[in-house]
Amino acid sequence: MAYFQGERVSTYWAVVLQEAYDQGVHFTVTSGQRTIAEQARLYYNPPAGTPRVAKPYPTAPHIRVGRQDHAIDVASFDGGETRLQAWLRNQGARTSNPVGGEAWHLEINASDLKKLYNRFKDPFPGYPADEKRWLLEYDRLKAANHDKNRRQVLVRVMTEKRKSIWHEAGLTGWHKNNRIKRYASLRARTK
Ligand SMILES: [Zn+2]
């Protein structure tokens, strides 16, 4: 469970929506994953002028207990929903607006959402920003077999960092500041 633009959404959706946003897609999420209690409130006591929501049951589109691929509502009057959906399709995801008259109600194929999540999730969670930047740049250049000089520079700074982690661990232990994982990531690229 996570949040995007203040709305509660699944972890997968949060990562994918953040990536779209970071790539410059303009949209506003107005509703994400709801609890059964929230849905019951909307169903039995709908705020004036709002469309009827589905019955509050565990598999309702905005509830889908235990699943990542719940429906989301994205403001459509400003074109945001269309822009987001076009972006998702460009990334290879199957999406739809299955509810007639609800252009804002967006659904996504579960395995496609998972694929996008795996593509966009942070491979180095909790690492310091500089290390993350070096690791990502190094991997990108290495995969493209590109810019050997820059890679040598990166190996040099990553080696220095690796040594300083080793040093700090000797003083205050490995089980601090994510040192074990960070050291392993740097070591794998500098030995
Ligand atoms: Zn909806």
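The values are calculated or read from the model by the stated rules, or taken from the named source; none is laboratory data. All figures in this text were calculated on a predicted structure; none of them were measured in a lab. FYI the Cβ positions are ideal-geometry reconstructions off the backbone, even for glycines, and counts take in every protein chain you see. Protein only, heavy atoms only, side chains kept; ligands, DNA and RNA dropped before computing areas. Shrake-Rupley method; radii C 1.70, N 1.55, O 1.52, S 1.80 Å.
Some observations on this one:
- Test: residue in the stretch 61-69 that is touching a Lys or Arg at 6+ places or on another chain (Cβ under 6 Å) and either of a type in the set (Phe, Trp, Tyr) or surrounded by 13 or more Cβ atoms within 10 Å (Cβ to Cβ) (or both): yes
- Sole exception among (1) part of a loop (DSSP other than H, G, I, E, B); (2) more than 17 Å from Gln18 (Cβ to Cβ); (3) within 11 Å of the ligand (Cβ to nearest atom); (4) not aliphatic (A, V, I, L, M) for Lys55, by number: (3)
- Any hit, the stretch 171-181, residues being farther than 21 Å from Asp122 by Cα and part of a helix (DSSP H, G or I): yes
- Within the stretch 42-54, tally of residues that are loosely packed, with under 12 Cβ neighbours inside 10 Å and in contact with a helix residue (DSSP H, G or I) (Cβ under 9 Å, 6 or more places away or on another chain): 2
- Residue-level check: of (1) closer than 19 Å to Val29 by Cα; (2) open to solvent by 30 Å² or more (accessible area, probe 1.4 Å); (3) part of a helix (DSSP H, G or I), Asn149 misses just (1).
- Test result for Tyr138, closer than 27 Å to Glu19 by Cβ and in contact with a helix residue (DSSP H, G or I) (Cβ under 8 Å, 6 or more places away or on another chain): yes
- Taking the stretch 93-138 as the range and being surrounded by 16 or more Cβ atoms within 10 Å (Cβ to Cβ), in a helix (DSSP H, G or I) and over 15 Å from the mean Cα position of the chain (by Cα) as the test, the residues that pass are Glu131, Lys132, Trp134, Leu135, Tyr138.
- Pairs, first within 13 Å of the ligand (Cβ to nearest atom) in the stretch 23-44, second modelled with pLDDT under 95 and in a helix (DSSP H, G or I), C-beta under 8 Å, six or more apart: Arg34/Leu42
- Enumeration of residues in the stretch 1-27 that are in a loop (DSSP other than H, G, I, E, B) and more than 19 Å from Pro61 (Cα to Cα): Gln5, Gly6, Gln23, Gly24, Val25, His26, Phe27
- When Gln39, Gln85 are checked against the criterion of being closer than 17 Å to Pro98 by Cα and open to solvent by less than 40 Å² (accessible area, probe 1.4 Å), Gln85 stands alone in meeting it.
- Enumeration of residues in the stretch 4-22 that are away from the ligand (no atom under 16 Å from the Cβ) and over 10 Å from the mean Cα position of the chain (by Cα): Gly6, Tyr21, Asp22
- If the condition is being within 11 Å of the ligand (Cβ to nearest atom) and either under 14 Å from Ser31 (Cα atoms) or hydrophobic (A, V, I, L, M, F, W, C) (or both), then the stretch 77-104 contributes Glu81, Val99, Glu102, Ala103, Trp104.
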